[in-house]
Amino acid sequence: LYTIGLSDPARPRRLGELKIPGFSAYLHPIGDDRLLGLGSDATGTGENLGAQAAVFDIGDTTRTRQVGKATFGQETSFEAAQDPHAFTWLPDRSSAIASLQGTHGSTQLLLHVAADGAITTRELPSDGGWGQRALPLDDGRVALVGNGVEVIDVG
């Protein structure tokens, strides 16, 4: 993860970098100078270990750091890596809903980000299938849309 200074747009310069195994195919700003990344965990030699979610603190652009991480095992991946519509940020709950693909199909996950950056996860009821989406409703609930529609309270 690189931080770039654009004070002179004609001459951008690298301010800092964070080198860790794996990568984030999708990054989403979540407030308080933090990013939530969805991608793949890996060994130091680049062997893919499956899906991961990570929280990055970019408050000090010269010392970006990873402050939270959750992994999901071999043969898993986040659909948001190919389609950003498969990710929904719920700012009032400091949580995201994302589709996780695995050998046994698709799961909708609630990813809660704590104040310290730690990530906790909970599987949400869904009927599976590729292309699931989460739609926040005005009453605080969420509609999970896939092969059908399930309205849930993620509180």
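The values are calculated or read from the model by the stated rules, or taken from the named source; none is laboratory data. Since the model is a prediction, treat every value here as computed from it, not as a measurement. Glycine also receives a Cβ, built like all others from the backbone with ideal geometry; neighbour counts cover every protein chain displayed. What goes into the accessible areas is simple: the full protein's heavy atoms, side chains included, and nothing from ligands, DNA or RNA. Shrake-Rupley method; radii C 1.70, N 1.55, O 1.52, S 1.80 Å.
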(request) Please report the base-10 log of the normalised intensity I(q)/I(0) for the range 69-117, using a Debye sum with one equal scatterer per alpha carbon and no solvent, at each q in 0.25, 0.33 (1/Å). (result) -1.00, -1.26
(request) Could you run the Karplus curve 6.51 cos²θ - 1.76 cosθ + 1.60 with θ = phi - 60° over the range 93-104 and give me ³J(HN,Hα) per residue in whole Hz, x for Gly and Pro? (result) 10, 6, 9, 10, 10, 9, 8, 10, 9, x, 5, 9
(request) Let me know the volume per residue of the alpha-carbon convex hull for the range 1-90, in Å³. (result) 121
(request) Could you tell me what percent of the accessible area of the chain is made up of carbon and sulfur, with a 1.4 Å probe and every protein chain present? (result) 49
(request) Report the percentage of all Cα-Cα pairs in the range 36-155 whose separation exceeds 23 Å, rounded to a whole percent. (result) 31
(message) Under 5 Å between amide hydrogens, which residues at least 5 positions from Phe72 or on another chain qualify, with H placed 1.01 Å from N in the peptide plane?
(response) Ala51
(request) With only alpha-carbon atoms counted, please give the Rg and Dmax of the range 77-147, in Å. (result) 11.8, 36
(request) Over the range 106-155, calculate the relative contact order: mean separation of alpha carbon pairs under 8 Å at least 6 apart, over the residue count, as a percent. (result) 27
(request) Report relative contact order for the range 25-155 in percent, whole number only (criteria: Cα-Cα under 8 Å, sequence separation at least 6). (result) 16
(message) Taking the solvent-accessible surface of protein heavy atoms with a 1.4 Å probe, what is the per residue accessible area of the chain in Å²?
(response) 55
(request) Could you point to the residue in Gln82, Leu15, Leu38 farthest towards the positive end of the chain's charge dipole, with +1 and -1 charges on the Cβ of Lys/Arg and Asp/Glu respectively? (result) Leu15
(message) So if I place +1 on the C-beta of Lys and Arg and -1 on the C-beta of Asp and Glu, and nothing else carries charge, what would the dipole magnitude of the range 18-155 be about its Cα centre? I want it in debye, nearest 20.
(response) 320
(request) Using a Förster distance of 41 angstrom, determine the FRET efficiency expected from the C-beta separation of Arg93 and Glu17, and round it to 0.05. (result) 0.85
